[in-house]
Every structure is written in structure tokens, then in C-alpha cells.
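Okay, structure first, notes after.
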Amino acid sequence: MSAATTPLPETVQRHLRPRQLFIDGREQEAASGQSIEVRNPARGELLTTVADAGPDDVNRAVQAARLSFEKKTWRGMKPSDRERILWNIADLLVKHRDEVAMLESLENGKTLREAMGGGVLAAADCFRYYAGWVRKICGETIPVDGPFLNYTLREPVGVVGAIVPWNFPLQIAAWKIAPALACGCSVVLKPSELTPLGALRLAEIAGEAGLPPGVLNVVTGYGWTAGDALARHMDVDKIAFTGSTHTGRALLKAAAESNLKRVSLELGGKSPNIVFPDADLEAALKGAFWGIFTNKGEICSAGSRLLVHADIHDEFVGKLSDRARKMRVGDPLDKATAMGAQVSEAQMNRILGYIQAGVEEGAQLRCGGERDTEGDKAKGYFVKPTVFSEVTPQMKIAQEEIFGPVLAAIRFRSPEEAVEIANGTMYGLASAVWTKDIRLAHRMAAEIKAGSVWVNTYNNFDSGSPFGGYKQSGFGRDLGGHALEQYTAVKSVWVAL
Ligand code: NDP
């Protein structure tokens, strides 16, 4: 029996009943009574439904968050208790990891292995990291002129609206919620309508861990209704967003047209992965391969532009394509699967549209390039790992974020040319350089306009290290101490002595 036909464990099935909104510590129906279908993209089947939140529901969630904030049910708690509760959330995520990872795999199409490592365990680590910050967020005393004591208070900004995407539903939710809670804020989370199940489970777990009602609320709904209502709400103090550049612009507009709430944006990327001839080419090959095919290419930091020095280009791209051809694509619940299904039919079609554009613009298709419909995969939304070579920097597939398993290989001849190509898109999220020349590595790290530069490695993340964009990849940082700046306001207090 394949993993796909094995009955799901009871612990998972329990969370596949029709789901409601999570407001003020309990499930609540949407005012409209409408629901949204959540589908399994690997099987094209209905998993369950969730409530379709409209503006009234968002308002109810914001009111619950506001009340908890003003009554200080969370921010007024002893810091050591808040630290313990955040730590408890991490412990409970780890305790329920099998069930939570399976939910994420089922709703997203990623492999169970990816849902575990880059999902549940990464989210748990993020809560632990920010648990450690609770008792360390503090102001400063400043030596001002005159007979005054001047000091600063770092206060929570208030009610945070977190709007997160479908590619790492749990991890990215944790990147917003954990620092917001560490700072004493209350949160309304709007997950993608494609992947709401992990977010609802997280809210339940947070309640079990001791988080008071109203401090974390989840509104499942569409972006243009629930997301927009949150972004325009006059009583939301901050929006923390990860998603497309297009939506990022809409959020800035919504903030400008409402209460000038703070906005931080982690947007798309078209990250260059640059390989010099002196690199450890086996390691670079592995880095290039997983740089694009991790999470089926649906990752903002994907190394979707492979810049290879002309001296090694043909051999390197040839080996990479051979490896991609052999990649095992299929049932995400099967441990032997390396790459699962794209998140939705629409996303698959979008990816196939980009592949078509690459062919039409004259890039050379080295492998893949089509939907994978072998066997059971015909029911789901699978795309074969795809490599293009002879890509020029201005082609659409070299400029736009595809968000799928499609690699564009570009030839370069000098470090200067590599920098020019690397910086030649509107994005600036991540990048990598492969070389044994330490001077070249540091020079490149300084010249590339991106929020992350990996040297002889790819896609490393740590809860302590900041992540975010340059240019139109956004602003503000997730993770590390820098994220705390997004969720605190600084107050200057003057005392005449
Ligand atoms: P979106 O930016 O539309 O979605 C991200 C989140 O924003 C979702 O929760 C979405 O809700 C919500 N949203 C959408 N429109 C609005 C709005 N007007 N106001 C408030 N919230 C809104 O990404 P898509 O899902 O449409 O994906 C499209 C492309 O975006 C991808 O192919 C990829 O290129 C890029 N992307 C980048 C991501 C990243 O990590 N940087 C993540 C996801 C996508 P809902 O899904 O319910 O509509």
C-alpha cells in the first residue's frame, strides 16, 4: 500500500473536521456562515473546510486582541511566566510534531521531511529563541546635557496583524508571532487560505501552553477580504507580512489610507547562486540542486538564477541536469520522495506558463519542462524539476519570481560581470558565492545587494540570524534581535533632577 492510500492517523483526522475561526481563545463561526475548501494538492482532493472570515470577523478578532492588550493579560504578566509559556509552546509543538508536520504536508504538498525540519521543528526553535529574549528586552539610559535623567522604554507596539503565505505556513507564522509575543504584543494571524490548518493548530497549542485568550487569534479567509480588512483596520498597530511584492504594495497603500500603521515586508526574490571555477564543485552542485529544488522551488530564497563561470558552465550544468532528471518526485508522505506537489493547480499553471515563456524566449530546456502526470501524480499538481541554460539576464525567467522548481543558468566571465548580473533584478533577498578564494568571497559579499549572502553553502537559517530583503524584496527583518525592533516602540523619558 502506498503512503498516499494508508489511512491518516486519528490524531491528524481530528484536525480535518470543518474548522472555525480562532478568536478569544475559542472556535467561532464566521458571521457569513461561508466556508473555504482546503485541498490536498498531491491528490487534488478535498481535505476539509475552514470558515471564510469577512471584515466583521476580522473586527471581532482585532477587538479580542485589543482587549487582551489593554487589560494587560499578557504583557502585564511576569516576564518569567511569559518566557515559560513561549517555551511551553515550543515543547508542545515538538510533542505533537508528527501530527503537525503531516497537516502541513497534506495542505501544502511538501514532503513530510520538509514539513518536519523546515516546519514544525524550525517553528519550535523560533519560540524557544524568543522565549530567551523576554527578560532581555530593555531600554537604555542616555547621558543628556543638563540636570536630567533620560532613559528609554521599549514598549510593545500593540495589536499586530500577521499576514503569512502558504509556502512555510508554520515557520513563517512563528517568525512573526514569537517575537511579537516576546515583546508583549497581541496578534491576529491571517494564514493563506490554501494552508490554514497548521495556523489553527498552533493557536490551540498556544492556548494549551498557557497563552491567555485573545492574545493570539486566527482568521482564516481570503487575502482580498480578510487580509485587506486587517491591513485597513484602524485599531491594528502593525502589519508583519511575508508574500508577493504585489501584495506588499497593496499593504503599504492600505496602511497609508488607514491609520499609518507600521508595516514590515518580506517579499519575493530571484536569488543569484554564483559558482566560480575554483569552488569545491561537488559541494556547489549539491548547493545549486537543493538551492532551487528545496520545497519544490516554492521558497522566497530559492537560488533560482544559477550564475556559472564560462570555464565550467557546460560540465556543471550538464551534471546538474542529470541529477535533476533522476530526482524522485511524488507522494509527499512517502519517505523516499525528494520533491512533492506544487501548492495548487493555479501555482502549477503559473510555473508552466513561465516554462513556456523560457522556451519562447530561446532558453535551452535541459530537463523537465512539463507537468508530471505519471501514475497517481496525475491527480495532483506536480512539475518535473526543470533546468534551463543559455538564459540571458533580461529574459523573463531570469527576472521574475517563478516560485517553482525551475532553474535559469546564466554564463559569466568575470567577478564584475557576475555582480552586475546578480544585482540586475528588482529583488535583493538572498544570494550565494562558491569559491575557495577568501578575498573574492568577501568582495562579492560586500558587492551583492541582498539581505543574505551564503558563502560555500545555501539556504542556511537560524532563529538568531536576521533575514529580510534589500530593494523590492522588502524591508524590516525577521529573526534575531533585529526582529524585536518591528514589535517595540521606543519612548524617551525625561526626569528633572
Ligand atoms: P500573496 O502575496 O497573494 O499571498 C500572501 C498572503 O497575503 C496570503 O495570506 C494572502 O491571502 C494574503 N493577501 C493576498 N492579497 C492580499 C491583500 N490585498 N491584502 C492583504 N492580504 C493579502 O501570494 P500568492 O499566494 O498570490 O502567491 C503569488 C506569488 O507570490 C508566488 O508565486 C510567489 O512568486 C510570491 N510569493 C512569495 C512568497 C515569499 O515567501 N516571499 C510567499 C508566497 C508567494 P490568500 O492566500 O488567502 O489570498
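Using a 7 Å offset from the Cα along the Cα-to-Cβ direction at both residue 98 and residue 136, what is the distance between the two label points in nm, to one decimal?
It works out to 3.5 nm between the two label points.
Let me know the whole percent of all Cα-Cα pairs from segment 227-306 that are separated by more than 18 Å.
Counting pairs separated by more than 18 Å, the tail of P(r) holds 54 percent.
Considering the Cα trace of segment 340-449, what is its radius of gyration and what is Dmax, both in angstroms?
Values for segment 340-449 (Cα only, Rg and Dmax): 16.2, 51 Å.
Say each of residue 445 and residue 378 gets a label point 7 Å from the Cα, pointing the same way as Cα to Cβ; how far apart are those two points in nm?
5.2
Can you check what the net charge comes to around residue 79, using other residues whose Cβ is under 12 Å from the Cβ of residue 79 (Lys, Arg +1; Asp, Glu -1)?
+4
Helix-derived [θ] at 222 nm for the chain: sum -39500 (n - 2.57) over DSSP H runs of at least 4, divide by residue count, nearest 500?
That comes out to -10500 deg cm²/dmol.
Can you compute 3J(HN,Hα) from phi for each residue in segment 450-457, using the Karplus curve 6.51 cos²θ - 1.76 cosθ + 1.60 with θ = phi - 60°, rounded to whole Hz and x for Gly and Pro?
Each residue of segment 450-457 in turn: 7, x, 9, 10, 9, 10, 6, 6 Hz.
Work the Kirkwood hydrodynamic radius out for segment 272-462: mean of 1/r over every pair of different alpha-carbon atoms, inverted, in Å.
That comes to 16.5 Å for segment 272-462.
May I ask for the angle, rounded to the nearest 10°, between helix 169-182 and the longest principal axis of the chain, with both axes built from Cα atoms and the value confined to 0 to 90°?
30
Can you list the residues, at least 5 places off or on another chain, whose amide H is less than 5 Å from the amide H of residue 488, using H built in the peptide plane?
Amide H neighbours of residue 488, under 5 Å, 5+ apart: 157.
In a shell of Cβ-Cβ distance under 10 Å around residue 396, excluding residue 396 itself, what net charge do Lys and Arg (+1) and Asp and Glu (-1) give?
Local charge sum for residue 396: -3.
What is the dipole size for segment 272-462, taken about its Cα centre, with +1 at each Lys and Arg Cβ and -1 at each Asp and Glu Cβ, in debye to the nearest 20?
Dipole magnitude for segment 272-462 comes out near 300 debye.
Any idea what diffusion coefficient segment 348-413 gets from Stokes-Einstein, in µm²/s, Kirkwood Rh on alpha carbon pairs, 20 °C, 1.002 mPa s?
Rounded to a whole number, D works out at 177 µm²/s.
Grab the Cα-Cα distance for residue 34 and residue 360, subtract it from 0.36 nm times how many residues apart they are, and report the gain in nm with one decimal.
113.1 nm
With all pairs of different alpha carbon atoms counted, what Kirkwood hydrodynamic radius in Å does segment 1-50 show?
Its Kirkwood hydrodynamic radius stands at 12.7 Å.
What distance in nm separates the simple spin-label points at residue 349 and residue 311, each placed 7 Å from Cα in the Cβ direction?
Result for the modelled spin labels: 4.8 nm.
Is any residue of segment 68-83 close enough, with backbone N under 20 Å, to a label point placed 7 angstrom from the Cα of residue 208 along the Cα-Cβ axis, and if so, which?
Correct set: 82-83.
Distance between the C-alpha centers of segment 327-384 and segment 196-218? Whole Å please.
Segment 327-384 and segment 196-218 have Cα centres separated by 34 Å.
Mind pulling the angle between the C-alpha long axis of helix 97-108 and the longest principal axis of the chain? Nearest 10 degrees, somewhere in 0 to 90.
60
From the mean inverse distance of alpha carbon pairs (Kirkwood) and the Cα radius of gyration, derive Rg over Rh for segment 37-137.
1.08
Give the Rg/Rh ratio for the chain, taking Rg as the radius of gyration of the Cα atoms and Rh as the Kirkwood radius, to two decimals.
That ratio is 0.99, to two decimals.
Charges on Cβ only, +1 for Lys and Arg, -1 for Asp and Glu, centred on the Cα centroid of segment 305-362; of 340, 359, 313, which one is farthest towards the dipole's positive end?
340
Considering only DSSP beta bridges where both residues belong to the chain, give the percentage that are antiparallel (nearest 5).
45
R0 = 56 Å: FRET efficiency of residue 145 with residue 416, Cβ-based, nearest 0.05?
0.70
The numbers here are math on the coordinates, done by the rules we state, and not lab data. This is a predicted model, so every value here is computed, not measured. Using ideal geometry, Cβ is built from the backbone for each residue, glycine included, and neighbour counts are taken over all protein chains shown.
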